[in-house]
Amino acid sequence: MAAPAFKNGLVRWIDHRLPVFSFLHHELHEYPTPKNLSYWWNFGSLAGIVLVIMIATGIFLAMHYTPHTLYAFDSVERIMRDVNYGWLIRYIHMNGASFFFIVVYIHIFRGMYYGSYKAPRELLWILGVVILLLMMATAFMGYVLPWGQMSFWGATVITNLFSAIPVVGDWIVTWLWGGFSVDNPTLNRFFSLHYLLPFLIVAVVMLHMVALHRFGSGNPLGIDVKGPQDSIPFHPYYTAKDSFGLGVFLILFAGVVFFAPNLFGEPDNYIPANPMVTPPHIVPEWYFLPYYAILRAIPNKLLGVIAMFASILVLFILPWLDTARVRSAKFRPTYRKFFWVLVIDCFVLGYVGANPPEGWFVITGQIATAYYFFHFLILLPVLGLIERPLPLPQSISAPVLKPAEGKA
Amino acid sequence: MRRLISAVALLLAFGTAAEAAEAVKPPKQHWSFSGIFGTFDRASLQRGFQVYKEGCAACHAVTQLSYRDLKGIGYQEDDIKAIAAQAKVMDGPNDAGEMFERVGRPSDKFVRPFPNENAARAGNNGAFPPDLSMIAKARVGGPDYVYGVLVGYVPPPAGVTVADGMHFNTYFPGQQIAMPAPLNVDGVPYQDGTKATVEQQAKDVTTFLTWASEPTLEARKQMGIKVLIFLIVFTGILYAAKRKVWASVH
Ligand code: HEM
């Protein structure tokens, strides 16, 4: 990391003692990035920006929010009505959570399509799965805070899952609640943790970046950078491309925040929580629906809970389940088809999760769940061994010269 | 507690109970406030407030509203003082340590018709008239549903028996509602010459209740248009910049 000659004297003085400027120069300017990244590579930096947006709006919400069962609902309404631009802050935070998941899910499927999890990026991938788990915990607890009907009943249903654990289950649930039902102690600890976890996410994101910068980004061809002709500096090329992607994202985000802010929400959550009245349909937020479908696909509660957690935990060992040597699905014609089947399977699971488990939803949910695990546990290991990949290009620059190749 | 747990276990095992009866989807109405340029029709808001005050306030609270919020539907300070002054508000304790009643002020929350849920039930054959301040956001269908319930009173179809103290309503889930039809032709004397049909009153009061659910709706849409115009232009510039930066890369 040769320190560049900074023009500004103060910068040079600081950098000599605290090499933050060298660090930034190294990570942004010198950092060589494959020159053939497509727009699917925008979603990582987008996720980071959404995280910042969530923390910024969350801190302002927390200045006006009251974590008490008697006041929480009204305090959120006060934010909506009486706090200057409170409605804006709250709608950004509320929809930001949904957009965060959209972005991160695309980011994850990008990784699955292009084999981004393969050596030497296994730990990078695993840190990503840790971020997903932390996000899910954060979003779940955040949804409880406005203390509407879905907040309360969602929290009740989900925390109750732990009662399926043999012997100590009930005890754990009581411990989680801080009492004998979801009540004020539960709300208080959820608020505390909801404030804490995003900062843990920031920490894991930093580790994610350290791991990323060790070997640099993968690329749509899945082959390694062979020399300087294959790469370009991150800045200005990808800063420019990411900025444009951010602009497109913000247009969509603003469209929802300003013109359909309750699109992703449940009307029931505008009814204050009432432990005596169970809503006719208890559904989690949309981003949890596929897991909810897996949970309910299995008639045994304990096994259902295990399957639900396993559906995410399986991602941790994905780098070893996929036995193929070739990274990118571009050169794996069979895997490419099954990838899209998995995507459809996840949408089917989401659709089933949104509906009451009756009639054909039951069997559909069960087939979709079975297929989900089949994909990871059986298909991937076997396919990697038997599939004949297409010939790989010599280098990144070779195919990029042809205009048809992912030069976006 | 046990019951709660088993109820939850049941929910998990069988999912949520089937909807009780065939609720009919209320038809879509045309609203002044829908669409990206939508704004509340002020005259309709004020008529709607009148309908609420004279037709619904006896049973339904709107706890999220303060009298001063009425500025948002076009009332002047003096009108608001006069409206607030019609209410009796419990205040105190005074220097002698006693609670006392005084006339309402603009800063007071709308006074509710019943001191608590039990009193409300006692006054309504055991049914609870819900707080209406969030109703347009708290129901599937929103304003269309609220309007639907208000105009949905029809004689029960042959073969349907309506329970004692209940009324048949096309759009209410289960189709039996404890609220008697709240609107009558000319039930509310409009001052501005608008004919007070049931549909007109329903439309006006629904407009008012939608505003009450989200008084910041107009501010939101107006800012949204500016933000979108800015973002579209700015993103266009970013795209041009990206093209320029990348022009030399092959
Ligand atoms: C990983 C980032 C975060 C996610 C995914 C997230 C998610 C959520 C969600 C889904 C809600 C419920 C929104 C609603 O229905 O009203 C919520 C509410 C809330 N969040 Fe967050 N949040 C994040 C970060 C933060 C941070 C860092 C803070 C505080 C510093 C915060 C403070 C709050 C508060 C006070 C509420 C309650 C107000 C409300 O419901 O609008 N959040 N959050």
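The values are calculated or read from the model by the stated rules, or taken from the named source; none is laboratory data. Computed from a predicted structure; not experimentally measured. Virtual Cβ from ideal backbone geometry, glycine too; neighbours counted across all protein chains shown. Side chains included, ligands, DNA and RNA excluded: accessible areas come from the protein's heavy atoms. Shrake-Rupley method; radii C 1.70, N 1.55, O 1.52, S 1.80 Å.
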I'm told A:Trp177 meets every condition in (1) within 16 Å of the ligand (Cβ to nearest atom); (2) under 23 Å from A:Ile271 (Cβ atoms) except one. Can you identify the failing condition by its number?
(1)
Kindly establish whether A:Thr239 is part of a loop (DSSP other than H, G, I, E, B), open to solvent by 20 Å² or more (accessible area, probe 1.4 Å) and within 11 Å of another protein chain (Cβ to nearest Cβ).
no
Could you tell me how many of the residues in the stretch B:134-167 are among the basic types (Lys, Arg) and either open to solvent by 50 Å² or more (accessible area, probe 1.4 Å) or closer than 14 Å to B:Gln29 by Cα (or both)?
1
Just give me the residues in the stretch A:255-307 being within 7 Å of another protein chain (Cβ to nearest Cβ) and of a type in the set (Ser, Thr, Tyr), in sequence order.
A:Tyr270, A:Thr278
State whether the residues of the stretch A:179-196 include one that is among the β-branched types (Val, Ile, Thr), at pLDDT below 95 and not in a helix (DSSP H, G or I).
no
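For the stretch A:134-158, give me the residue count where each residue is within 14 Å of another protein chain (Cβ to nearest Cβ), within 8 Å of the ligand (Cβ to nearest atom) and open to solvent by 10 Å² or more (accessible area, probe 1.4 Å). Write out each step before concluding.
Initially, the stretch A:134-158 is screened for residues within 14 Å of another protein chain (Cβ to nearest Cβ), giving A:146-158.
Right, trim to within 8 Å of the ligand (Cβ to nearest atom) and you get A:146, A:148, A:151.
Filter again for open to solvent by 10 Å² or more (accessible area, probe 1.4 Å), leaving A:146.
Selection size over the stretch A:134-158: 1.
Which members of the stretch A:70-87 meet the condition of being of a type outside the set (D, E, K, R) and open to solvent by less than 30 Å² (accessible area, probe 1.4 Å)?
Once the filter is applied, which keeps residues that are of a type outside the set (D, E, K, R) and open to solvent by less than 30 Å² (accessible area, probe 1.4 Å), the stretch A:70-87 yields A:Ala72, A:Phe73, A:Ser75, A:Val76, A:Ile79, A:Met80, A:Val83, A:Gly86, A:Trp87.
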Could you say whether any residue in the stretch A:182-195 is farther than 24 Å from A:Leu390 by Cβ, open to solvent by 60 Å² or more (accessible area, probe 1.4 Å), within 18 Å of the chain's Cα centre (by Cα) and away from the ligand (no atom under 14 Å from the Cβ)?
no
Show the residue pairs that are 6+ apart or on different chains and have beta-carbon atoms under 9 Å apart, the first residue being within the stretch A:335-357 and open to solvent by less than 60 Å² (accessible area, probe 1.4 Å), the second being among the basic types (Lys, Arg) and part of a helix (DSSP H, G or I).
A:Val352/A:Arg296; A:Gly353/A:Arg296; A:Pro357/A:Arg296
When you scan the stretch A:295-326, how many residues do you find that are of a type outside the set (Gly, Ala, Ser) and more than 22 Å from the chain's Cα centre (by Cα)?
10
Could you grab the pairs with beta carbons closer than 6 Å, sequence gap of 6+ or different chains, first residue in the stretch A:77-102 and within 11 Å of the ligand (Cβ to nearest atom), second one among the aromatic types (Phe, Trp, Tyr) and in a helix (DSSP H, G or I)?
A:Met80/A:Trp87; A:Ile89/A:Phe60; A:Phe99/A:Phe253; A:Phe101/A:Tyr287
Being within 12 Å of chain B (Cβ to nearest Cβ), surrounded by fewer than 20 Cβ atoms within 10 Å (Cβ to Cβ) and more than 18 Å from A:Tyr270 (Cβ to Cβ) is true for just one of A:Leu123, A:Leu161. Which residue is that?
A:Leu161
Of all residues in the stretch B:51-64, how many are under 22 Å from A:Pro272 (Cα atoms), touching a residue at least 60 places away in the same chain (Cβ under 8 Å) and surrounded by fewer than 19 Cβ atoms within 10 Å (Cβ to Cβ)?
1
Identity of the residue in the stretch A:57-69, free of Cβ contacts under 8 Å to residues at least 12 places away in the same chain and more than 8 Å from the ligand (Cβ to nearest atom), that ends up nearest to the other protein chains (Cβ to nearest Cβ):
A:Thr66
Could you check the stretch B:188-217 and list, in sequence order, the residues that are within 14 Å of chain A (Cβ to nearest Cβ) and β-branched (Val, Ile, Thr)?
B:Thr210, B:Thr216
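When you check A:Ile92 against the structure, is it within 17 Å of A:Thr138 (Cβ to Cβ), assigned to a helix (DSSP H, G or I), at pLDDT 95 or above and open to solvent by 30 Å² or more (accessible area, probe 1.4 Å), yes or no?
It is true that A:Ile92 is within 17 Å of A:Thr138 (Cβ to Cβ), assigned to a helix (DSSP H, G or I), at pLDDT 95 or above and open to solvent by 30 Å² or more (accessible area, probe 1.4 Å).
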Of those in the stretch B:218-242 that are within 9 Å of another protein chain (Cβ to nearest Cβ) and either in contact (Cβ under 8 Å) with a residue 24 or more places away in the chain or of a type in the set (D, E, K, R) (or both), the residue most open to solvent (accessible area, probe 1.4 Å) is B:Ile225
From the list B:Lys71, B:Lys81, pick out the single residue that is without any contact (Cβ under 8 Å) to a residue 24 or more places away in the chain, surrounded by 13 or more Cβ atoms within 10 Å (Cβ to Cβ) and not assigned by TED's automatic domain parsing to the domain that holds B:Gln201.
B:Lys71
Which of (1) in contact (Cβ under 8 Å) with a residue 60 or more places away in the chain; (2) more than 16 Å from the ligand (Cβ to nearest atom); (3) away from chain B (no Cβ under 13 Å) is the odd one out, the single condition A:Ile131 does not satisfy?
(2)
Of the residues that make up the stretch B:228-237, is at least one within 23 Å of the chain's Cα centre (by Cα) and not hydrophobic (A, V, I, L, M, F, W, C)?
no
Being of a type in the set (Val, Ile, Thr), modelled with pLDDT of 95 or more and either part of a helix (DSSP H, G or I) or open to solvent by 50 Å² or more (accessible area, probe 1.4 Å) (or both) is true for just one of A:Val225, A:Val205. Which residue is that?
A:Val205
